[in-house]
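The values are calculated or read from the model by the stated rules, or taken from the named source; none is laboratory data. A quick note: this is a predicted structure, and the numbers were derived from the prediction, not measured. In this analysis, Cβ positions are derived from the backbone assuming ideal geometry, glycine residues included, and neighbour counts consider all displayed protein chains. These accessible areas exclude ligands, DNA and RNA; they are computed on the full protein's heavy atoms, side chains included. Shrake-Rupley method; radii C 1.70, N 1.55, O 1.52, S 1.80 Å.
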Amino acid sequence: MPARARPLLLLALLGACPSAAGTATEDGAGSTGSATAGATGEPTATASTDDPTAAGGCPAPLAVCGDVCVDLAHDPAHCGGCDRPCDRGLACLEGQCSVACGPGSVACDGACVDLDVDPAHCGECGRACEPGVACVAGACAPACAPARTLCGEQCVDVGNDEAHCGGCDVPCPSGQPCVYGECVGVGLHHLLISGQSLSTGSGSVVVSTEQPFTNVSFNTGVRAGGVDLTGFIPLVETWNGGEGETIASGAANLVSELEQARGSAHKILASAHGVGGQPYGALKKGTAPYANGLAQVTAGAALAAMSGEAYAVRAVAIIHGESDHLGGNLAYADDLLAWQSDYEADVQAITGQPYPVPLFLCQMSSWTMYGSSVSRIPGEQLAAARARPDRIFVVGPKYMLPYVDGVHLTGEGSRWLGEYYAKVYRAVLIDGLPWRPLAPRAITRAGDLVTLEFDVPAPPLVLDETLVTNPGNYGFEFTDSSGAPPAITAVALTGPTTVQLTLAAEPVGGNQRVRYAATGTPGVWAGPTTGARGNLRDSDATVSRHGYSLHNWAVHFDEPVH
């Protein structure tokens with residue numbers, strides 16, 4: 001085409017085109033709101049440029065911004081409104097500046113995340129898991145300790161969680177605690193008591209003569225025997241000429257009072273079947289005292305059924321060890337394990353109950369009265385509890401209690417000991433909690449410093465010389481095989497659960513050990529001022545019914561140093 005003909009053709013084409021944004025009319029004018037060609041050829045707007053709802057001539061869902069039609073839901077220069085640009089690198093998604101995420105991801109706080117696995121956005125944007133907790137399939141899933149179970153997004157102990165008793169989402173009926181993974185629907189809780197003379201109240205003057213709650217004994221009294229068990233009477237202590245106050249009233253009444261204070265009721269049937277001066281061999285399964293205990297179980301179950309009361313044997317309380325000390329029993333820990341196992345099997349066979357029957361015991365503290373400076377029995381008692389921490393529980397020692405003759409407790413001492421049993425009974429059998437006495441968890445040495453880490457029921461630790469007199473170094477000893485171990489020059493509390501011993505020199509002998517409340521003077525009374533004892537206790541503030549201090553005192557122990 002000749003060059004001079006091109007302008008004429010361009011002018012003809014322009015005259016034939018409609019306006020850029022509007023619809024041409026017969027007279028050549030654009031429709032209202034359309035853009036028309038100006039002198040420069042750029043479109044102009046005849047509609048409002050500030051109101052994005054004024055679509056003008058823009059097809060839905062576009063809106064007019066300035067002189068153009070825009071998609072406010074997806075235009076990064078006009079995201080959600082005119083002239084609202086997104087930052088560089090962000091896209092406009094549904095009117096919000098965000099990242100453009102691929103399949104399986106969503107935008108949260110300007111980043112693409114997978115809601116199935118992101119712990120900061122688990123299941124939905126902004127829903128964060130606790131520190132250290134993973135997000136699994138859109139749910140926070142903590143890594144549970146071996147003794148706990150993941151239920152939903154929580155680690156729980158299905159052994160004592162009333163919302164997950166025995167398994168996830170298995171709630172207990174209202175008012176029933178979860179203990180050992182079973183909802184306990186019991187109205188009458190039987191506490192069996194056995195052992196030697198301390199279990200029968202030998203020499204202990206009666207101090208509990210009234211029953212302030214609903215606790216009961218058999219009609220034959222606390223020392224019930226095995227025959228003529230025909231009814232229940234209010235639990236009180238009685239004197240038979242040589243035996244009086246047992247632990248029964250102290251234990252049962254404190255449990256009832258503490259439960260009443262939190263709006264619950266707990267009724268205990270207490271019955272003793274021990275015999276003074278007898279070793280394990282004369283009290284175990286197959287003996288007359290053991291048979292009396294089972295007769296008490298049979299009678300308790302029958303009488304409760306007659307009155308329509310749900311019944312179970314909850315525990316056996318043992319106060320024992322002196323005769324096995326005298327007999328040199330080297331297998332006493334095994335005997336305790338067998339004792340508990342036999343009681344549990346026989347009780348469950350009689351009652352049909354699903355509940356375990358744990359053994360509660362206190363350490364023997366009176367070996368000095370038998371002419372000995374040390375005893376193996378307290379260590380055996382602690383070893384049995386460590387072997388079966390779910391069935392055998394050491395309530396504590398007895399060196400802090402008052403004695404009437406160096407072996408047997410006063411009436412106040414028996415009731416006081418009963419309140420110690422009450423604390424552990426309640427923790428294990430009502431609250432469903434694990435129990436460990438105040439005992440060393442680890443003993444280590446670095447140079448001349450020995451560090452003891454303790455299990456402490458109620459921190460912090462205290463060195464108390466008010467109730468118990470200091471036998472020297474607060475009851476601590478360091479020994480080794482050298483024949484001349486370095487002396488302890490200082491005992492200090494270095495933390496709420498830690499004791500540090502400073503030695504006169506770094507030890508060189510082997511078989512290094514720390515003893516506590518382990519050595520006494522042969523022939524002297526047991527007790528807080530004379531016997532094998534120590535000054536270490538915790539800060540338990542449980543209130544006694546009779547003004548006793550119920551701090552947990554450190555157990556007798558003789559443990560290796562690592």
Exercise. Determine, from the Cβ-Cβ distance of S549 and D87 and an R0 of 51 Å, the FRET efficiency 1/(1 + (r/R0)^6), rounded to the nearest 0.05.
Key: 0.15
Quiz item: Distance from the Cα centre of the stretch 250-326 to that of the stretch 177-221, in angstrom?
Solution: 6 Å
Exercise. Keeping every protein chain in place, order H546, H78, H190 by accessible area at 1.4 Å, biggest value first, i.e. largest first.
Key: H546, H78, H190
Exercise. For the chain, give the magnitude of the charge dipole about the Cα centre (Cβ charges: +1 Lys/Arg, -1 Asp/Glu; no others), in debye to the nearest 20.
Key: 1540 debye
Quiz prompt | P(r) histogram, all alpha-carbon pairs of the chain included - 20 Å bins from 0, percent | solution = 17, 36, 18, 10, 10, 7, 2, 0
Exercise. Quote to one decimal, in nm, the extra length available between Q154 and T529 on full extension: 0.36 nm per residue of separation minus the C-alpha distance between them.
Key: 130.1 nm
Quiz prompt | With all protein chains modelled, accessible area of C65 [1.4 Å, Å²] | solution = 10 Å²
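Under 10 °C and 1.306 mPa s, how fast does the stretch 253-352 diffuse according to Stokes-Einstein, given a Kirkwood radius computed over C-alpha pairs? Answer in µm²/s, whole number. Please list the in-between numbers first.
Details: Rh = 15.4 Å.
For the chosen part, D equals 103 µm²/s.
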Self-check item: Modelled label reach - A490, point 7 Å along Cα→Cβ, the stretch 506-535 residues with backbone N closer than 13 Å
Solution: none
Practice problem: Evaluate Rg over Rh across the stretch 64-136, taking Cα atoms for both radii and Kirkwood's formula for Rh. | Solution: 1.15
Quiz item: Any idea what Rg and Dmax come out to for the stretch 381-500 if you just take the C-alpha atoms, in Å?
Solution: 16.7, 49
Self-check item: the chain, accessible area per residue, ligands and nucleic acids excluded (1.4 Å, Å²)
Solution: 44 Å²
Quiz prompt | Largest-first principal axis extents of the Cα set of the stretch 183-299 (Å) | solution = 43, 34, 25
Quiz item: What stretch of the chain, leaving out the sites themselves, is the longest with no GluC sites (Glu not before Pro) in a DSSP loop having at most 12 other Cβ atoms within 10 Å?
Solution: 211-464
Quiz item: What is the set of long-range amide H partners of H190 at a cut-off below 5 Å, with H atoms built 1.01 Å from backbone N?
Solution: L269, A312, V313, R314
Quiz item: Share of the chain's accessible area from carbon and sulfur, percent, 1.4 Å?
Solution: 54 percent
Exercise. Pairs of Cα atoms under 8 Å, at least six residues apart: use those to get the relative contact order of the stretch 499-556, whole percent.
Key: 27 percent
Quiz item: Starting at 0 and stepping by 5 Å, how many percent of the alpha carbon pairs of the stretch 86-214 end up in each bin?
Solution: 2, 9, 11, 10, 9, 9, 9, 7, 7, 6, 5, 4, 3, 3, 2, 2, 2, 1, 0
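Based on the Cβ-Cβ distance from Q500 to C112, what FRET efficiency comes out when R0 is 51 Å, to the nearest 0.05? Provide the component values of the computation, followed by the final result.
Working: r = 53 Å, r/R0 = 1.05.
Plugging the Cβ-Cβ distance into 1/(1 + (r/R0)^6) gives 0.45.
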Quiz item: Largest first, how would S271, S197 line up by accessible area (1.4 Å probe)?
Solution: S197, S271
Practice problem: Between A120 and S307, take the C-beta separation as r, use R0 = 60 Å, and let me know the FRET efficiency to the nearest 0.05. | Solution: 0.50
Quiz item: How far is helix 248-261 tilted, in degrees, relative to the longest principal axis of the Cα atoms in the chain, given as a value from 0 to 90 rounded to the nearest 10?
Solution: 20 degrees
Quiz item: Rounded to the nearest 10 Å², what accessible area does T498 show when all protein chains are kept and the probe is 1.4 Å?
Solution: 20 Å²
